[in-house]
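**Student:** I'd like to ask you about the structure that follows.
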Amino acid sequence: MWGGRFAEGPAAVMREINASIPFDKRLWRQDIAGSRAHVAMLAEQGIVSAGDATLIADGLARVAAEYEADGVPEDMALEDIHMHVEHRLAELIGPVAGRLHTARSRNDQVATDFRLWVRDAIDAVDEGLAGLQRALVTRAEEHADSVMPGFTHLQSAQPVTLGHHLMAYFEMIHRDRSRFEDARARMNECPLGSAALAGTGFPIDREATAEALGFDRPTDNSLDAVSDRDFALDYLMAAATTAIHLSRLAEEFVLWASQPFGFVKLPDAYSTGSSIMPQKRNPDAAELVRGHAGRIVGAMTALTITMKGLPLAYSKDMQDDKPPVFEAHDLLALSIAAMTGMVETVTFRTDRMRAAAEAGFATATDLADWLVREAGIPFREAHHITGTVVKRAEADGVALDALPLAVLQAIDPRIDARVFAVLGIDASVAARTSHGGTAPDQVRQRIAEAKAAIGMEDEA
């Protein structure tokens with residue numbers, strides 16, 4: 001490959017450290033697609049003959065068929081997927097294969113291949129996240145009225161509905177999809193034709209190759225085009241945020257599946273047992289989703305640090321750009337699939353949820369609001385009165401709505417019998433009618449909007 005410049009081959013350790021074929025073989029489809037677009041353009045521009053271009057295109061199709069059937073062989077001496085394709089092409093069609101590399105470099109070639117791969121990865125992630133959203137909406141609709149405790153600081157705060165809680169994750173995933181969409185739009189420019197770093201003197205048509213590969217336009221600066229990995233960082237940052245959201249839901253399933261909560265029963269398909277304790281049902285799938293988030297965030301950090309301080313244009317450090325992206329993508333795909341499966345099949349113990357909501361004085365804010373609204377008491381004073389009521393209920397071991405009116409009036413005589421209309425958890429939930437609130441009617445409205453947004457409105 002190096003022609004006459006070097007008298008000796010690389011040392012064994014150099015071959016080992018320099019070769020990227022063990023991981024960049026995943027780019028073979030994108031590499032062949034880029035090569036086919038490139039040679040078609042070369043022929044159209046008269047840079048290679050039509051006959052040679054046809055021979056090369058047919059040869060590339062044969063290489064693709066071999067790789068599809070048998071996988072990509074790994075020859076460390078050939079370093080990367082680009083040289084593997086070119087070498088096999090030469091074996092199939094002879095010296096004319098060498099014309100394929102006219103007016104391009106491995107620098108713009110890999111930048112193009114990697115963008116194509118990341119673009120495909122974004123499309124796959126978006127499809128997976130849409131499936132998770134459908135699962136969340138479906139289960140939320142089932143439980144638009146199911147009452148559970150809402151928490152702050154993991155302490156019972158106010159009653160909410162399970163549907164409302166699940167729709168909170170729908171919103172997170174909605175933002176995640178928008179981040180991937182933004183990343184895809186921003187990265188959809190074609191580096192091919194930038195060559196090593198300065199462009200080329202051949203009369204190429206970069207618009208043609210960009211269009212053939214589904215890009216919106218060619219990149220505008222050859223130096224930037226071959227050295228830019230913002231698209232990979234954008235992908236990893238969106239992946240990291242998504243993984244954090246999945247981890248939060250996974251953590252809730254871990255907590256809810258524990259005996260002290262007992263809010264859910266995870267299916268056997270997403271649980272494991274213990275090698276020594278036969279009673280155990282461990283939420284391993286959820287725990288692994290939670291763990292994968294750390295690795296995905298680590299992948300984002302790794303590439304960020306790799307790119308820090310690199311001078312223009314290409315440096316070999318950038319060969320290490322692909323492993324963190326590949327690892328993050330694989331882990332994210334697994335995490336999305338696992339969380340979707342758990343959401344679809346988990347059994348929600350709504351009786352336990354309701355009991356927990358009733359036991360935690362979760363309607364205390366409703367009492368304070370009632371004192372403000374009906375008795376004209378300033379909120380801070382109402383807050384103090386309510387705290388006294390909670391203290392008394394706690395001492396008596398009863399819920400707020402179980403305290404006798406006489407006891408309430410002994411604390412503050414302005415309380416009257418109308419207060420019991422707001423002290424029950426169903427009344428509390430139903431009262432939260434503000435936009436985005438937990439009232440079942442509001443939850444159903446948000447669900448209807450969500451179904452329309454993701455194309456579920458016509459589903460039976």
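**Student:** Is one or more of the residues making up the stretch 195-215 touching a Leu at 6+ places or on another chain (Cβ under 6 Å), of a type in the set (A, V, I, L, M) and either open to solvent by 50 Å² or more (accessible area, probe 1.4 Å) or modelled with pLDDT of 95 or more (or both)?
**Tutor:** Looking through the stretch 195-215, at least one residue is touching a Leu at 6+ places or on another chain (Cβ under 6 Å), of a type in the set (A, V, I, L, M) and either open to solvent by 50 Å² or more (accessible area, probe 1.4 Å) or modelled with pLDDT of 95 or more (or both).
**Student:** Among the residues of the stretch 306-316, what is the count of those that are buried (at least 19 other Cβ atoms within 10 Å of the Cβ) and on the phi > 0 side of the Ramachandran plot?
**Tutor:** 0
**Student:** Looking only at helices (runs of 4 or more DSSP H) that lie completely in the stretch 381-460, which have at least 3 residues being closer than 28 Å to residue 178 by Cα?
**Tutor:** Those helices (runs of 4 or more DSSP H) span 440-453.
**Student:** Ok, one more. Right, residue 303: in contact with a His (Cβ under 8 Å, 6 or more places away or on another chain), part of a helix (DSSP H, G or I) and surrounded by 15 or more Cβ atoms within 10 Å (Cβ to Cβ) or not? I'd like the intermediate steps shown before the answer.
**Tutor:** Details: in contact with a His (Cβ under 8 Å, 6 or more places away or on another chain): no; part of a helix (DSSP H, G or I): yes; surrounded by 15 or more Cβ atoms within 10 Å (Cβ to Cβ): yes.
Answer is no for this residue.
**Student:** Just to be sure before I move on: is residue 106 open to solvent by 30 Å² or more (accessible area, probe 1.4 Å), over 35 Å from the mean Cα position of the chain (by Cα) and of a type outside the set (Ser, Thr, Tyr) in the structure I sent?
**Tutor:** Details: open to solvent by 30 Å² or more (accessible area, probe 1.4 Å): yes; over 35 Å from the mean Cα position of the chain (by Cα): no; of a type outside the set (Ser, Thr, Tyr): yes.
Taking the combined requirement at face value, the residue does not satisfy it.
**Student:** Assess whether residue 180 counts as being farther than 14 Å from residue 119 by Cα and either aromatic (Phe, Trp, Tyr) or surrounded by 22 or more Cβ atoms within 10 Å (Cβ to Cβ) (or both). Please lay out each step first, then the result.
**Tutor:** Working: farther than 14 Å from residue 119 by Cα: no; either aromatic (Phe, Trp, Tyr) or surrounded by 22 or more Cβ atoms within 10 Å (Cβ to Cβ) (or both): yes.
Judged against the criteria, residue 180 is not a match.
A quick yes/no check of all residues on (1) touching a Leu at 6+ places or on another chain (Cβ under 6 Å); (2) open to solvent by 10 Å² or more (accessible area, probe 1.4 Å); (3) outside any helix (DSSP H, G or I):
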| position | (1), (2), (3) |
| --- | --- |
| 29 | no, yes, no |
| 42 | no, no, no |
| 47 | no, yes, yes |
| 52 | no, yes, no |
| 57 | no, yes, no |
| 61 | no, yes, no |
| 64 | no, yes, no |
| 68 | no, yes, no |
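**Student:** Specify the residue that is nearest to residue 358 (Cα to Cα); the eligible residues are those in the stretch 373-421 that are β-branched (Val, Ile, Thr) and in contact (Cβ under 8 Å) with a residue 40 or more places away in the chain.
**Tutor:** If we take residues in the stretch 373-421 being β-branched (Val, Ile, Thr) and in contact (Cβ under 8 Å) with a residue 40 or more places away in the chain, then 419 is nearest to residue 358 (Cα to Cα).
**Student:** Among the residues of the stretch 85-103, write down those that are open to solvent by 10 Å² or more (accessible area, probe 1.4 Å) and in a helix (DSSP H, G or I).
**Tutor:** The answer is 86, 87, 88, 90, 91, 92, 93, 95, 96, 98, 99, 101.
**Student:** Here's another thing I want to ask about it. Take the residues in the stretch 341-370 that are open to solvent by 20 Å² or more (accessible area, probe 1.4 Å) and polar (S, T, N, Q), then tell me which one is farthest from residue 285 (Cα to Cα).
**Tutor:** 365
**Student:** Please tell me if residue 222 is surrounded by 15 or more Cβ atoms within 10 Å (Cβ to Cβ), within 29 Å of residue 323 (Cα to Cα) and among the hydroxyl-bearing types (Ser, Thr, Tyr).
**Tutor:** Judged against the criteria, residue 222 is a match.
**Student:** If you check every pair at least six apart or on different chains, which have Cβ atoms under 7 Å apart with a residue in the stretch 343-356 that is touching a residue at least 60 places away in the same chain (Cβ under 8 Å) first and a residue that is open to solvent by 70 Å² or more (accessible area, probe 1.4 Å) and not in a helix (DSSP H, G or I) second?
**Tutor:** Final answer for the pair search is 347/265; 349/265.
**Student:** Select from the stretch 149-175 the residues that are of a type in the set (A, V, I, L, M) and out of contact with any strand residue (DSSP E or B) (no Cβ under 6 Å at 6 or more places or on another chain) and list them in ascending order.
**Tutor:** 154, 166, 167, 168, 172, 173
**Student:** Considering each of 66, 79 in turn, give the residue that is of a type outside the set (A, V, I, L, M) and at pLDDT below 95.
**Tutor:** None of the other options fit; the residue is 79.
**Student:** Give the residue that is farthest from residue 363 (Cα to Cα), with candidates limited to residues of the stretch 440-460 that are hydrophobic (A, V, I, L, M, F, W, C) and free of Cβ contacts under 8 Å to residues at least 40 places away in the same chain.
**Tutor:** 460
The values are calculated or read from the model by the stated rules, or taken from the named source; none is laboratory data. It should be emphasised that the depicted structure is a prediction, and the values quoted were computed from it without experimental measurement. Because the Cβ atoms are built from the backbone with ideal geometry, glycine has one as well, and the counts that use them run over all protein chains shown. Just the protein is used for accessible areas: all its heavy atoms, side chains included, with ligands, DNA and RNA removed. Shrake-Rupley method; radii C 1.70, N 1.55, O 1.52, S 1.80 Å.
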